1. Which one of these is among the aliphatic types (A, V, I, L, M), part of a helix (DSSP H, G or I) and either surrounded by fewer than 16 Cβ atoms within 10 Å (Cβ to Cβ) or over 17 Å from the mean Cα position of the chain (by Cα) (or both): A:Leu155, A:Leu94, A:Leu102?
2. So in region A:158-200, with the set limited to residues that are assigned to a helix (DSSP H, G or I) and of a type in the set (Val, Ile, Thr), which one is farthest from A:Ala7 (Cα to Cα)?
3. Hey, does region A:127-140 have a residue that's more than 13 Å from chain B (Cβ to nearest Cβ), open to solvent by less than 30 Å² (accessible area, probe 1.4 Å), in contact with a Ser or Thr (Cβ under 6 Å, 6 or more places away or on another chain) and closer than 16 Å to A:Asn11 by Cβ?
4. Which residues, counting only those in region A:151-207, are more than 15 Å from A:Thr108 (Cα to Cα) and aromatic (Phe, Trp, Tyr)?
5. Report yes if A:Arg147 is open to solvent by 20 Å² or more (accessible area, probe 1.4 Å) and either at pLDDT below 95 or touching a helix residue (DSSP H, G or I) at 6+ places or on another chain (Cβ under 9 Å) (or both), otherwise no.
6. Going by the structure shown, is A:Ala91 of a type in the set (A, V, I, L, M) and more than 18 Å from A:Val168 (Cβ to Cβ)?
7. Restrict the check to region B:58-66 and report whether at least one residue is touching a His at 6+ places or on another chain (Cβ under 9 Å) and either modelled with pLDDT under 95 or not β-branched (Val, Ile, Thr) (or both).
8. So which residues in region B:18-70 are in a loop (DSSP other than H, G, I, E, B), acidic (Asp, Glu) and surrounded by 18 or more Cβ atoms within 10 Å (Cβ to Cβ)?
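The values are calculated or read from the model by the stated rules, or taken from the named source; none is laboratory data. Fair warning: this is a prediction, and the values are worked out from it, not measured in the lab. Cβ placement follows ideal geometry from the backbone for every residue including glycine, while neighbour counts extend to all protein chains displayed. These accessible areas exclude ligands, DNA and RNA; they are computed on the full protein's heavy atoms, side chains included. Shrake-Rupley method; radii C 1.70, N 1.55, O 1.52, S 1.80 Å.
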Amino acid sequence: MSDFRIALAGNPNTGKSTLFNALTGMNQHTGNWPGKTVIQAKGNYTFNEGNYTLIDLPGTYSLYSNSADEETARDYIIFDRPDVTVVVVDATSLERNLNLVLQVLEMTDQAVLCINLIDEAKKRNIRIYDDRLEKKLGIPVASISARNKAGINLLLKKIEGVAKGEIVTSPYQVKYSEQMEEDIQRLEPYVSQIVKGKYPTRWVTLKLLDGDRSFMDHLYQRVFSEGDVSHV
Amino acid sequence: MGEHKMMSLYESRPGDHLLIKSLRLDGAMLRRLLDLGFVPGAVVKNVQRSPMGDPVAYQVSRTTVALRKEESSQIDCQKVKGEINHE
């Protein structure tokens with residue numbers, strides 16, 4: 001028996017909640033307006049005798065905390081460290097959706113890309129090469145149609161693989177300007193002492209350089225509440 | 001035909017397809033617009049003006065986004081022919 005926590009992230013209107021309902025058999029309301037999923041929904045499913053808790057994060061275009069939704073999604077991935085974060089994207093609008101994927105890959109290695117609405121893409125003569133995306137992004141990719149419950153089994157297999165460590169990922173990392181990369185290198189050792197591998201060092205460093213006060217406050221609270229202030 | 005003249009997004013007309021060239025914004029607003037798909041190289045469409053002329057609705061990727069003059073006047077673009085390529 002095993003217990004895993006799986007977070008669902010994705011842009012609004014990518015069918016995240018439809019997938020959530022398909023997997024959990026729940027009937028969480030799915031609909032078409034922003035801010036629908038402010039409070040995360042939780043549900044369970046089993047696969048190959050493993051128990052999985054699924055967390056439906058708010059749909060966001062970004063995780064840079066422009067809103068309460070983004071903050072909720074970001075904090076969950078950073079602080080609650082799900083075993084796998086599944087990024088659900090719209091097959092007909094990959095270009096914009098991949099923005100969020102790259103942001104998630106800065107935050108965690110434990111990720112799976114789920115390309116939803118693949119039936120809709122086929123209708124529009126859009127062909128997506130899962131294998132090439134897998135190579136480029138360094139994480140497992142599964143194309144599905146949550147609506148028609150197609151491709152779900154392969155998705156669950158890939159989630160299981162990452163959760164159990166049977167699939168080793170090597171996520172694509174965004175490279176910044178030379179100056180920026182130098183700054184990151186200089187700062188990272190100090191950040192590393194504070195977060196001690198609990199949180200993604202490079203990402204926290206980027207937030208520091210970004211001057212993201214709200215995130216720093218949240219981080220401070222977390223580190224403080226865990227009674228671990230020796231290095232702060 | 002003046003097809004390649006630089007203008008701000010705000011100066012475009014309903015029905016125009018516009019190639020985004022640059023954004024003269026910073027901080028959270030710049031981040032937000034980039035997240036929504038207003039990135040240099042993207043083609044967006046001016047869908048319609050609101051009754052008072054501000055804000056204006058633009059189609060970006062497959063979503064319609066309304067921008068105020070405050071922001072759209074800071075986005076430089078060129079009018080292009082044809083459809084949004086990923087439609």
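1. Answer to the selection: A:Leu102.
2. The qualifying residue farthest from A:Ala7 (Cα to Cα) is A:Ile184.
3. No, every residue in region A:127-140 fails to be more than 13 Å from chain B (Cβ to nearest Cβ), open to solvent by less than 30 Å² (accessible area, probe 1.4 Å), in contact with a Ser or Thr (Cβ under 6 Å, 6 or more places away or on another chain) and closer than 16 Å to A:Asn11 by Cβ.
4. A:Tyr176, A:Tyr190
5. yes
6. In short, yes.
7. Within region B:58-66, one or more residues are touching a His at 6+ places or on another chain (Cβ under 9 Å) and either modelled with pLDDT under 95 or not β-branched (Val, Ile, Thr) (or both).
8. Of everything in region B:18-70, nothing turns out to be in a loop (DSSP other than H, G, I, E, B), acidic (Asp, Glu) and surrounded by 18 or more Cβ atoms within 10 Å (Cβ to Cβ).
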